[in-house]
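Reviewing the structure listed below.
The values are calculated or read from the model by the stated rules, or taken from the named source; none is laboratory data. Computed from a predicted model, the values in this text were never measured in an experiment. Don't worry about glycine lacking a Cβ; one is built from the backbone with ideal geometry, like all the others, and counts go over all protein chains shown.
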Ligand code: AMP
Ligand code: GLY
């Protein structure tokens, strides 16, 4: 364990996830100072932010060195896959997040699919293609619906669940023919469509050790009742009751432990978050995908629920001492409601002036995502997802009511939010 106030932390990123990470670091007794890059309007109110892009690996390393940072927490997947953690470790700076070799588990769906199949971890069966005609031929003989996935990073847009042959052919043509995702889509997976309820599990991993974080449920579609296009996530709550103790034990036995062991067996020194997307099918839980970073907005409900200092947890994982950590979680629930700019995930206005609440209750938080501050310190909208209004409560109903109460005190012209975050689980609860 690092001694009290010994860490100077750099948080890399600019979303709601990174704002929670900044707030967690500021609250940690291990931390002396926090800086962020590039940050957002809210992070700027909490700490110094440096205008270094997440894609600028040498610039980020130079910033960490110049500032005397001794612990870096990397939020998004892009700097991980560009080797930011490799470059930091080369100059002796510890970081939370996998090396580029581990980040491949998110950056290449084909790499992950091969690993899952080789180690007999339950997942959808799939075929790989890098040529258009063989892929089209394969579709002719396939059952619909079917799933087409660009191999590489595509900002959450690289997966098409095609309901019929025409839709499947269009997806394959756009990826392998028109190359809409560039190199990320120059190879595709065509995989069987799994039916069931989706859930995700976040693990903090260090080699063969791992800690399971509380369960959470994202709301990916932009519209109420899970309609409209997919987004990065419009809200989340934790815990997710879909995953009861028996299902969690099964997921741990059939998916978490075998995945962590398989990754280590492949010679990958994985230290960071393994966020496993899972479909709970009639034949049991199956892996949809791996992400190698915290989910957003999931992190906005997970970290506020931890009794354990998130910095102590991440630092232990980074420095191979995760076995020393006993995770403690607060009782109760958390809900996060995302305030977006109307039009997201398509085009949306920017630069609208925001009116913020004048005060917050002790268990209420407003995390900034796409915001910035102007010369006179006003907060302006600057992205599709603008804020995450999060609250804790002893029941899901209470946490959700409080989160909406925070959200409703934030005002900007094009504000849009879903009114049904948590509603499915609340309905299930009241049916019992
Ligand atoms: P991924 O990025 O691989 O998680 O895919 C994004 C979304 O597509 C998932 O959250 C699922 O809703 C859906 N999806 C991916 N793979 C499959 C599959 N094999 N069967 C059904 N839905 C899938
Ligand atoms: N909320 C989904 C993600 O972070 O990938």
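Check 217, 300 and return the single one that is within 11 Å of ligand 2 (Cβ to nearest atom), touching a strand residue (DSSP E or B) at 6+ places or on another chain (Cβ under 9 Å), touching a residue at least 24 places away in the same chain (Cβ under 8 Å) and assigned to a helix (DSSP H, G or I).
Answer to the check: 300.
Picking from 267, 228, 235, 223, which residue would you name as being surrounded by fewer than 21 Cβ atoms within 10 Å (Cβ to Cβ) and in contact with a helix residue (DSSP H, G or I) (Cβ under 9 Å, 6 or more places away or on another chain)?
Just a single option satisfies the conditions, and that option is 267.
Picking from 122, 79, which residue would you name as being under 30 Å from residue 23 (Cα atoms) and touching a residue at least 12 places away in the same chain (Cβ under 8 Å)?
So the residue among 122, 79 that is under 30 Å from residue 23 (Cα atoms) and touching a residue at least 12 places away in the same chain (Cβ under 8 Å) is 79.
Among the candidates 135, 155, single out the residue that is without any contact (Cβ under 8 Å) to a residue 60 or more places away in the chain and over 26 Å from residue 221 (Cβ atoms).
On inspection, the qualifying residue turns out to be 135.
Per-residue answers, yes or no, for (1) under 24 Å from the mean Cα position of the chain (by Cα); (2) near ligand 1 (Cβ under 10 Å from one of its atoms); (3) crowded, with 19+ Cβ neighbours inside 10 Å; (4) under 25 Å from residue 260 (Cα atoms):
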position	(1), (2), (3), (4)
99	yes, no, yes, yes
109	yes, yes, yes, yes
119	no, no, no, yes
132	no, no, no, no
150	yes, yes, yes, yes
156	yes, yes, no, yes
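Just checking, which of 229, 258, 285 is in a helix (DSSP H, G or I) and in contact (Cβ under 8 Å) with a residue 60 or more places away in the chain?
Only one candidate passes the filter, namely 258.
Considering only the range 261-280, I want to know if a residue exists there that is more than 30 Å from residue 387 (Cβ to Cβ), away from ligand 1 (no atom under 15 Å from the Cβ) and part of a strand (DSSP E or B).
yes
Condition (residue is modelled with pLDDT under 95, under 12 Å from the mean Cα position of the chain (by Cα) and within 16 Å of ligand 1 (Cβ to nearest atom)) applied to the range 220-227: is it met by at least one residue?
yes
List the strands (runs of 3 or more DSSP E) inside the range 129-211, counting only whole elements, that have at least 2 residues being closer than 26 Å to residue 299 by Cα and either out of contact with any helix residue (DSSP H, G or I) (no Cβ under 7 Å at 6 or more places or on another chain) or more than 16 Å from ligand 2 (Cβ to nearest atom) (or both).
Qualifying strands (runs of 3 or more DSSP E): 159-162, 197-206.
Kindly evaluate residue 397 against the criterion of being in contact with a helix residue (DSSP H, G or I) (Cβ under 7 Å, 6 or more places away or on another chain), at pLDDT 95 or above and over 20 Å from residue 17 (Cα atoms).
yes
What residue, of 319, 308, is free of Cβ contacts under 8 Å to residues at least 24 places away in the same chain, surrounded by fewer than 24 Cβ atoms within 10 Å (Cβ to Cβ) and under 20 Å from residue 71 (Cβ atoms)?
None of the others qualify; the one that does is 308.
Quick test of your reading of the structure: residue 240 fulfils all but one of (1) touching a residue at least 12 places away in the same chain (Cβ under 8 Å); (2) under 30 Å from residue 14 (Cβ atoms); (3) not in a loop (DSSP other than H, G, I, E, B). Name the failing condition by number.
(3)
Can you give me the number of residues within the range 242-258 that are closer than 26 Å to residue 419 by Cα and surrounded by 15 or more Cβ atoms within 10 Å (Cβ to Cβ)?
Total meeting the criteria: 2.
Criterion first (part of a loop (DSSP other than H, G, I, E, B), away from ligand 2 (no atom under 13 Å from the Cβ) and either in contact with a helix residue (DSSP H, G or I) (Cβ under 6 Å, 6 or more places away or on another chain) or under 20 Å from residue 25 (Cα atoms) (or both)) does residue 320 satisfy it?
So residue 320 fits the description; yes.
Please state which one of 204, 160, 172 is near ligand 1 (Cβ under 10 Å from one of its atoms) and surrounded by 15 or more Cβ atoms within 10 Å (Cβ to Cβ).
Testing whether each residue is near ligand 1 (Cβ under 10 Å from one of its atoms) and surrounded by 15 or more Cβ atoms within 10 Å (Cβ to Cβ) leaves just 160.
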